[in-house]
Amino acid sequence: MTSTEEDSTVTTTASTEASVPSKTTSSPVSIPSATTSSESPAPSTAPAATATTAATEAPPATGTAAALASANAGFDFLFANDIARARASFSDPTNASSPFHLLGLGVCAFLEAALGMESGLMGEASEAGAKKAAADAKKANAEKKNGRDGGGRFAPGLEYEILHADAVVLLGLTHALSESYMGYFQCMYALNAAHSKFTKLYKTVFPAGLDAYKTPAPSRTASSSNLKLPSAPSISVSTSDSSSLSVASSRNASSLSVSTLASASPSPSPSAPSTPLSATTPPPAAVPAPAPTKSLFGRWGASTASLLSNKSAKSTSSAKASPTPEDAAQAALKLEKERERAEQERKERERPAEGPVEEMMVAGTAFGFGLFNLVFSLLPKRVQSLVGLLGFKHDRALALRALAVSAGLNTLGENEDGAPTGRDVHGVFAGLVLMTFHGVVLLLSGYQADEARTIRTYKAIVDGIEARYPTGALWILNRAKILRMSNDPQGAIAVLQRGLEAPQTFVQADTLLVFELAWTLLAQRRHQEAADAFVRLTELNSWSHATYYFIAAGCYISLGNRTKAQELLDALPELLQRKKVGGKDLPTEVLIRKKLEFYKEKQRRRGGDPARFVECICISPADELAIFWNTHQRIDDAVAEAHVAELAALTPPVAIAVPSPHLPAIDEKHQVQPEQAPADIDTPDERALRALLLGIMHRTLRLYAPARALLEAAQSAQGVKISTWIPGVALFELAVTDLKEAAAGEKQTDGTVKELDKASWARVLAGAETKLDGAQSFAGKSDIDLSSRLDSRIALLRDEIGAKRAMVGI
């Protein structure tokens, strides 16, 4: 679909991976819900087996906590890749009226429609979402009148308001899958409604902000290149007595290590002990109110502290104005009572969630709040301006912290009574959102200010959830992506292949594994296996079969099997004519149409057989599309050198001012092309594309001078007619080259690191920003192919530049 495929980073929070269309709308959507009750049995080492037991033995949902526990069994099946048993659990007649089970059915329908882009299932997903929203609204009103049977410190019915907001999000995203103007309008309307709901919920559940909730503290300094997880347990950021602040109990001290990219306040280093305030903590009147922030949500925490401060200040002023000892004593007693009441309220507000209902409220609110902030922060600039008219604001750092709070509640542990805690499903989806975000940053930003730390954070999240659901395709997928981003493509391929050997019980989720496997194989130039994988995708989902065939044809061209490649290319016109959801071509299909006409025109001009236009294709279509997935960045030297040799062999030879050890030298007497022999490359489009690919490959080989010369040649190419996207992408790649060259300059041959001074980094960062400004002029334009993806990549890279500025101290 257009939005999900083109704006990979925009849909990061609504997808498992930004790089695959069928998964971009899939993953973390607000699909939260059930958690196990305090009476649930302790989890076993085999999560799938636990899910089975829970599903078959769960009692009828006669109360809120029981309904949560019963629905959680269905979600356990879903996360373990068994969607059939998940549906059976959610459809249990004894729980037919449970909003938690209705949400589960809606989630199943949505995931099948979104992951597989199955238009026939979108109506079912929409109907399930609408039914769920109505049920939640009815249940919430009933709870408010009758009181909650499960207890808890929050107002009765609040849990159903959270589920109602979840259902509204699900319904909105289902509308967007239609890719029609009316669908987008309905989606925005739904998101607007859900956004207002979550802001109110956040204000209720987190009146003092998130600082009191345990999230592992990120290091204050840049991490080393060692990608292994630290063995020491994470340190929580404490602002009061530690016993009242940690979300997880001391028996669960080794909880999931989820760190955010930024936090609201400095965090202690992992090696330093936590320093909670003791009984000597100043009273509320002495605590300064938090500094104002531009974020609408960030001011909520400040408001509570300000109220307490104002109350205490008034009491103190009154005490000073009283002349008699009796009045002074009464004022002091009143002030002391106010302090005690404020302290009791603070402890109640900040204490760990008790029981599944409270866990769901805390995790669900943090998840929803974090999801919306993150989604809006990732929207392309042009879309943000439109969304801003609806009053949306975002704070990415706060969003990541909120998601970390929710994900922290996913960790399995026990409370003081030995009852299992930390099984709220919102936490699983929050972890999935964080996985997706970190995966997108590593895949598409091109440069990371602290790549090792990002990978460690990513790995910590995956470790925690995969241990609970080892057979789930989403977690296997992210395990493979971590290996790929850690420069272990063979390990990634092995993980994906093992995951696909298991019986297929959730075809749409397994499709994600095949898609990732196909791209990883292509990156390693294992062209036959890659072609087979891309063709296999046409059997697994109904997304753009034309795109899959186009890439597979490129693989066969690289293999020298042009007959098979022509067969696949001949099938494209019919595939491109197939009815689309919403009647609109996907961005990749728009590009494919242009390329087919380009190839056919070139073949006619050269006098070749029109039926064999594959003969004139000299640059693999697969390698061209791989640029948009940034496939060429994380390859080893041997693979990059093979690409360079293949491109350099094309005629006419490449002529650049900067010498390269991988390109032949050309002198003034060199005969560019033998007489009467047509050149392989005879159009400005092809020359620009070859220069772009060679520039990326040289940068991968750490040959920055020739890489820059080649990228500049691609950016300034004249006469380009079809590939108008090349100049903008070349400017983006030039910015990445500047940053990577500067980072490489800090590494010494003996393995030590010699950091550049602030002035040097300031020049590099400013130069990269200037190039991104130039690239931005090409982003978001409807006449430039996949321009929204470039827009999103620019936004991600700007964030990394900002992070580097903070690290350097500029």
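Bear in mind these aren't lab numbers, they're just calculated from the coordinates by the rules spelled out. Remember, it's a predicted structure, so these values are computed and weren't measured experimentally. Glycine gets a Cβ as well: all are built from the backbone with ideal geometry, and neighbour counts include every protein chain shown.
Summary table below
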| read-out | value |
| --- | --- |
| Label-point separation in nm, ALA494 to LYS334, each point 7 Å along Cα→Cβ | 7.4 nm |
| Inter-label distance, nm, simple model (7 Å from Cα along the C-beta direction), ASP463/ARG562 | 5.2 nm |
| Note, ³J(HN,Hα) from phi for the range 691-698, Karplus 6.51, -1.76, 1.60, rounded to Hz, x at Gly and Pro | 4, 5, 4, 5, x, 5, 5, 5 |
| Least to most buried among GLU516, GLU624 (fewest other Cβ within 10 Å first) | GLU624, GLU516 |
| Neighbour-count order for SER558, SER788, fewest beta carbons within 10 angstrom listed first | SER558, SER788 |
| Backbone HN-Hα couplings from phi across the range 775-781 [Karplus 6.51/-1.76/1.60, Hz, Gly and Pro as x] | 5, 4, 5, 9, 7, x, 8 |
| Cα centre as origin, Lys/Arg/Asp/Glu Cβ charges: the range 541-648 dipole, Debye | 600 debye |
| Gained length - LYS594 relative to GLU326, 0.36 nm times residue gap less alpha-carbon distance | 87.5 nm |
| Label-point separation, ARG341 to ALA665 (7 Å along Cα→Cβ), nm | 8.8 nm |
| FRET E, pair ARG612, LEU756, Förster distance 60 Å, beta-carbon r, rounded to 0.05 | 0.65 |
| Under 11 Å, Cβ to Cβ, from THR724 - net charge with Lys/Arg +1 and Asp/Glu -1 | 0 |
| Footprinting exposure proxy for SER544, SER716 (fewest neighbouring C-beta atoms within 10 Å first) | SER716, SER544 |
